[in-house]
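Peer 1: Structure provided below as structure tokens; questions to follow.
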Amino acid sequence: MLGLKLATDPRWVNIVESNISEILTDHAWCEQKAATNAISIIVNNSEKPDLVSEMIKLAQEEMEHFELVHELIKERGMELGRERKDSYVNELAKFMKKDGSRDQALVDRLLFSAMIEARSCERFRVLSLNIKESSLAKFYHDLMVSEAGHYTLFLKFAKQYGDAKKVEKRWQEWLDFEATIIANYGKEETIHG
């Protein structure tokens, strides 16, 4: 469904399980950044009421996810650590086109966002199927379902604001590019690490 070219090795979960505190902190900040991304899309595209309405809902949902992860951290007697740099997302961002019209820039921003959501969804699935702690397996399964909805929402809007054939071609370029960078990840106890 996601179209990702390279699957996460399930052994990544062994790394995650060695430092649950780190994955939870990283995950919390990923949710916060996703909310911030939705707000940024609103700020830069306020003339598109349907997009604004959906991004409002998305930002709220991402902050609810942030709260869920934060509550999980507190329940475990841990503290939310400092925000982490997300090298994977930073590498993806370099692939965004910087030229063209505002709508072309929006389409690429939506595809960038879809890419992150797709990989997050895939990682949550790997966690849900392989993590030994059943409560965390359920937690990540529930979030996986939500992330899949986010991924499809971003793709829907990309196709709405761009030429469908060009958007599909560009999405394939995103998938190919993502495969080249994700190959270097899966070695850290972070969502995209």
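The values are calculated or read from the model by the stated rules, or taken from the named source; none is laboratory data. Since this is a predicted model, take the numbers as computed values, not measurements. Here the Cβ positions follow ideal geometry from the backbone for every residue, glycine too, while neighbour counts run over all protein chains shown.
Peer 1: Can you pull out the residues in the range 47-87 that are closer than 18 Å to Arg109 by Cβ and modelled with pLDDT under 95?
Peer 2: Within the range 47-87, Asp86 is the sole residue that qualifies.
Peer 1: Output the number of the condition that Glu188 fails; it satisfies all remaining conditions of (1) within 21 Å of Ala114 (Cβ to Cβ); (2) acidic (Asp, Glu); (3) in contact (Cβ under 8 Å) with a residue 40 or more places away in the chain.
Peer 2: Checking Glu188 against (1) within 21 Å of Ala114 (Cβ to Cβ); (2) acidic (Asp, Glu); (3) in contact (Cβ under 8 Å) with a residue 40 or more places away in the chain, the one that fails is (1).
Peer 1: Identify, from the list Asp142, Asp163, Asp176, the residue that is touching a residue at least 24 places away in the same chain (Cβ under 8 Å), surrounded by fewer than 17 Cβ atoms within 10 Å (Cβ to Cβ) and charged (D, E, K, R).
Peer 2: Just one listed residue meets the conditions, Asp176.
Peer 1: Residue under question is Lys132, and the condition is that it be among the charged types (D, E, K, R) and in contact with a helix residue (DSSP H, G or I) (Cβ under 6 Å, 6 or more places away or on another chain); does it hold? Let's see the steps before the verdict.
Peer 2: Numbers: among the charged types (D, E, K, R): yes; in contact with a helix residue (DSSP H, G or I) (Cβ under 6 Å, 6 or more places away or on another chain): no.
No: the conditions fail for Lys132.
Peer 1: Given the criterion in contact (Cβ under 8 Å) with a residue 24 or more places away in the chain, closer than 18 Å to Lys33 by Cα, touching a Phe, Trp or Tyr at 6+ places or on another chain (Cβ under 7 Å) and of a type in the set (Gly, Ala, Ser), identify the matching residue among Ala59, Ala118. Full working, then the answer.
Peer 2: Details: Ala59 fails: touching a Phe, Trp or Tyr at 6+ places or on another chain (Cβ under 7 Å).
One residue alone meets the criteria, Ala118.
Peer 1: Name the pairs: first residue in the range 1-24 and surrounded by 16 or more Cβ atoms within 10 Å (Cβ to Cβ), second residue at pLDDT 95 or above and in a loop (DSSP other than H, G, I, E, B), Cβ to Cβ under 6 Å, at least 6 apart or on different chains?
Peer 2: Listed pairs, sorted by first residue: Val13/Ile131.
Peer 1: Which ones in the range 132-171 are under 30 Å from Leu68 (Cβ atoms) and hydroxyl-bearing (Ser, Thr, Tyr)?
Peer 2: Ser134, Ser135, Tyr140, Ser146, Tyr151, Thr152
Peer 1: Considering each residue of the range 84-141, count those that are closer than 19 Å to Ile20 by Cβ and of a type in the set (Val, Ile, Thr), and give that number. Before you say what the answer is, go through the steps one by one.
Peer 2: Restricting attention to the range 84-141, the residues satisfying the condition of being closer than 19 Å to Ile20 by Cβ are 84, 86, 120, 123-141.
In the following step, the residues that additionally are of a type in the set (Val, Ile, Thr) were identified as 126, 131.
Within the range 84-141, residues that are closer than 19 Å to Ile20 by Cβ and of a type in the set (Val, Ile, Thr) number 2.
Peer 1: Moving on. As an exercise: evaluate Trp29 against (1) farther than 23 Å from Ala93 by Cβ; (2) within 18 Å of the chain's Cα centre (by Cα); (3) of a type in the set (A, V, I, L, M, F, W, C) and give the number of the one condition it does not meet.
Peer 2: Going through (1) farther than 23 Å from Ala93 by Cβ; (2) within 18 Å of the chain's Cα centre (by Cα); (3) of a type in the set (A, V, I, L, M, F, W, C) one by one, Trp29 breaks only (1).
Peer 1: Just to be sure I understand, how many residues within the range 74-113 are without any contact (Cβ under 8 Å) to a residue 60 or more places away in the chain and crowded, with 19+ Cβ neighbours inside 10 Å?
Peer 2: 0
Yes/no per residue for (1) more than 30 Å from Gly162 (Cα to Cα); (2) in contact with a helix residue (DSSP H, G or I) (Cβ under 8 Å, 6 or more places away or on another chain):
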residue	(1), (2)
Ile23	yes, yes
Ile42	no, yes
Lys74	yes, no
Leu92	no, yes
Leu106	no, yes
